[in-house]
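Quick notes on the structure that follows.
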């Protein structure tokens, strides 16, 4: 299965918020790498995980996902 790169705009206001997203991504199957940027409220993910599944995992943290896109 091919790897994809995703970018999400997630409302994160503190290190606790970004920490919750980090925890979910670290346990997710099909995620090979990720970068959670609290300053810009962006989450970049690379992996074989389907977009919809990844979106659900991030939403389960309770954070508002303002937008998401597939980069590659």
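Derivation of every value follows stated rules applied to the coordinates shown; laboratory data play no part. From a predicted model like this one, the values you see are computed outputs, not experimental measurements. Neighbour counts are summed over all protein chains in view; Cβ atoms, including those assigned to glycine, are modelled from backbone coordinates with ideal geometry.
Placing a pseudo-label 7 Å from each Cα along the Cα-to-Cβ vector at residue 46 and residue 9 gives an inter-label distance of 2.4 nm. Working note: 222 nm ellipticity from helices only, DSSP H runs with n ≥ 4, each -39,500 (n - 2.57), summed and divided by the residues of the chain, gives -9000 deg cm²/dmol to the nearest 500. Of the peptides 47-58, 30-41, the ranking by mean beta-carbon count within 10 Å, highest at the top, reads 47-58, 30-41.
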